[in-house]
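Worksheet: the structure to be examined is printed underneath.
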Amino acid sequence: MEGTLTVKVARSEGPVEYQVPARANQTVLDVVSYIQRELEPGLAYRYACRVGMCGSCAMTVNGRPRWTCRTHVAKVARRGVLELAPLAHLPVLRDLVTDMAPFFEKWRKALGHFRPREAPEGEIPDFALIPPASPERQQADAGIECIGCGVCHAACDIVGWNPDYLGPAALNRAWTLVNDLRDGAGAERLAAVAGDAGCHACHSTQSCTAVCVKGLDPAAAIAGLKRRIFWQDPFGWGGG
Amino acid sequence: MGRRMRGQVLLWSLQRISAAVLALCVIVHLATILWAVRGGLSAAEILGRTRGSEAWLAFYALFALAAGLHAAIGLRAIAAEWLGWRGRGADALWLAAGLATAVFGIRAAVGLYAA
C-alpha cells in the first residue's frame, strides 16, 4: 500500500486533518506517531509497549474502540481515510488522551484485587494446591488476560447510559476473582458487583465481547456473576 | 448487601422469573385461541369455558401478575437509561404501576370466572 492517507483527528480544539504517507504493514499507532513527530509536535496521545501488552494506546478508530498498536491501517481505513478520536465514556485530558482514573476506580469498587483466603484462627496459612489444568483454575483463567485497555468500557452502551455502571472490564475482573479458589472475598465481592450499577444492569448485548482485543468474553463473565448471585440469594434476603 | 441493593437484585430476579412464566402463559393463551376459534367465536363460548373454572382463574391471575410486574420492571430500566429516572421514588412509582396493571388483569379474570 503506497500513497497518502488522510487522517482526521478529533483534537481538543476541534477536528484537524493530516496527510500521512501510507506504508505497508503500518499500524494506527505508527500513523499517530508520524503525525506527532513530523507534523504536529503538540499532539497528545498515549502509548507505552507498542506490542499489545500494556493496554495504554486504545482510542476510537473509525468509530470503534481499538488498540492502535495492534491495529493495521489496511484493515480499518475506509477509502484511505482514518478517523481518530479519544476513547468514549471517559473524560478527555487532551486530544487523544483520556483520564483512565474513573475506569480503574470502578475496578476498585468491584473489589478487583486479590484478597487471600484467611487461615482459621491460630493456624498457619497453607499453600493452595490448585492444578493449572483443573476446571476451577481454567474458569478463573478464562478472563485473566485482561490488559485494562478500556476498549470494552468504551464500547458498552450501558456505561454510556449510566456512568456509575461498573462496566465489562471491572465485572470481568470480579468474576475472575470469584472463581479463584485462593481468594477469600467471595460474598463481599458479589455484593459489590450486584444491583443497578453492577452486573444486573447488563443487557447482554455483548459489544464488550465483540471488541475485546484479547479475545476475552466479559459478557459471559457478567452472566456468570448474575447466575452466581441468583442461585445464592435470588430475592436479596441475605442468605448464602 | 445493603437494603437498596437487595431491592434491585429482587427486581432483577422477578423480571427473569416473570419472563419464564410469561413464555409459558403466552403459549397456552395462543394455543387456546387457535383451538377456540375453530368453530366460530362467541362470548357465550368463552364464558362457557371460563365460568366457574378455578383452573382458568388461577392461570389468568398468574398471567396478569407476571405481565404487570414484567412490563413495569422493564419500563423502569428503560426510563432509568433513557430519561435518567432513578431512585426510590421512581422505583415506588413503577412497582405501583406494575401492581395496578396486574390488579386490572386479575379483576378481568375474576369477572370471567364469576360471570
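Of all residues in region A:110-131, count the ones that are open to solvent by 90 Å² or more (accessible area, probe 1.4 Å) and touching a helix residue (DSSP H, G or I) at 6+ places or on another chain (Cβ under 8 Å). Before you say what the answer is, go through the steps one by one.
Residues of region A:110-131 that are open to solvent by 90 Å² or more (accessible area, probe 1.4 Å), as a first pass: A:117-118, A:121, A:123-127, A:129.
Right, trim to touching a helix residue (DSSP H, G or I) at 6+ places or on another chain (Cβ under 8 Å) and you get none.
Total satisfying the criteria: 0.
Scan region B:73-115 for residues that are under 21 Å from B:ARG6 (Cβ atoms) and charged (D, E, K, R) and jot them down.
B:ARG76, B:ARG86, B:ARG88, B:ASP91
Just to check your reading of the model, which residue among A:GLU118, A:GLU145 is under 22 Å from A:ALA58 (Cα atoms) and either assigned by TED's automatic domain parsing to the domain that holds A:ALA48 or in contact (Cβ under 8 Å) with a residue 12 or more places away in the chain (or both)?
Working: A:GLU118 fails: under 22 Å from A:ALA58 (Cα atoms).
Every option except A:GLU145 fails the conditions.
Taking only pairs six or more apart or across chains, which ones have beta-carbon atoms under 6 Å, a first residue in region B:93-105 that is of a type outside the set (Gly, Ala, Ser), and a second residue that is part of a helix (DSSP H, G or I)?
Every condition considered, the pairs that remain are B:TRP94/B:ALA72; B:TRP94/B:ARG76; B:THR101/B:GLY68.
Working only within region B:13-45, note down all residues that are touching a helix residue (DSSP H, G or I) at 6+ places or on another chain (Cβ under 8 Å), over 23 Å from B:ALA71 (Cα atoms) and either at pLDDT 95 or above or hydrophobic (A, V, I, L, M, F, W, C) (or both).
Within region B:13-45, B:ALA36 is the sole residue that qualifies.
Could you grab me the full set of residues in region B:71-114 that are more than 14 Å from chain A (Cβ to nearest Cβ) and of a type in the set (D, E, K, R)?
Answer for region B:71-114, where residues must be more than 14 Å from chain A (Cβ to nearest Cβ) and of a type in the set (D, E, K, R): just B:ARG107.
I need every pair where a residue in region A:24-42 that is touching a residue at least 12 places away in the same chain (Cβ under 8 Å) has its Cβ under 8 Å from the Cβ of a residue that is of a type in the set (D, E, K, R), sequence separation at least 6 or different chains.
Within 8 Å, the pairs are A:ALA24/A:GLU2; A:THR27/A:ARG70; A:VAL28/A:ARG66; A:LEU29/A:ARG50; A:ASP30/A:ARG23.
Out of (1) in contact with a Gly (Cβ under 8 Å, 6 or more places away or on another chain); (2) away from chain B (no Cβ under 14 Å), the odd one out for A:GLN232 is which?
Exception for A:GLN232: condition (2).
Consider region A:182-240. How many of its residues are out of contact with any strand residue (DSSP E or B) (no Cβ under 7 Å at 6 or more places or on another chain), outside any loop (DSSP other than H, G, I, E, B) and hydrophobic (A, V, I, L, M, F, W, C)? I'd like the intermediate steps shown before the answer.
Step one: filter region A:182-240 for residues out of contact with any strand residue (DSSP E or B) (no Cβ under 7 Å at 6 or more places or on another chain), giving A:183, A:185-210, A:212, A:214-240.
Within this subset, residues satisfying the condition of being outside any loop (DSSP other than H, G, I, E, B) are A:183, A:186-192, A:199-201, A:207-210, A:218-232.
So of that shortlist, the ones also hydrophobic (A, V, I, L, M, F, W, C) come out as A:187, A:190-192, A:199, A:201, A:208, A:210, A:219-223, A:225, A:229-231.
Of the residues in region A:182-240, 17 are out of contact with any strand residue (DSSP E or B) (no Cβ under 7 Å at 6 or more places or on another chain), outside any loop (DSSP other than H, G, I, E, B) and hydrophobic (A, V, I, L, M, F, W, C).
Considering only residues that are more than 28 Å from A:GLY52 (Cα to Cα) and either in contact with a Leu (Cβ under 8 Å, 6 or more places away or on another chain) or away from chain B (no Cβ under 14 Å) (or both), which ones fall in region A:150-182?
A:LEU181, A:ARG182
The values are calculated or read from the model by the stated rules, or taken from the named source; none is laboratory data. Computed from a prediction, not measured in an experiment: that's the story for all the values here. A quick note on method: Cβ atoms are made from the backbone with ideal geometry, for glycine too, and the neighbour counts reach across all protein chains shown. Calculation scope for accessible area: heavy atoms of the full protein, side chains included, ligands and nucleic acids excluded. Shrake-Rupley method; radii C 1.70, N 1.55, O 1.52, S 1.80 Å.
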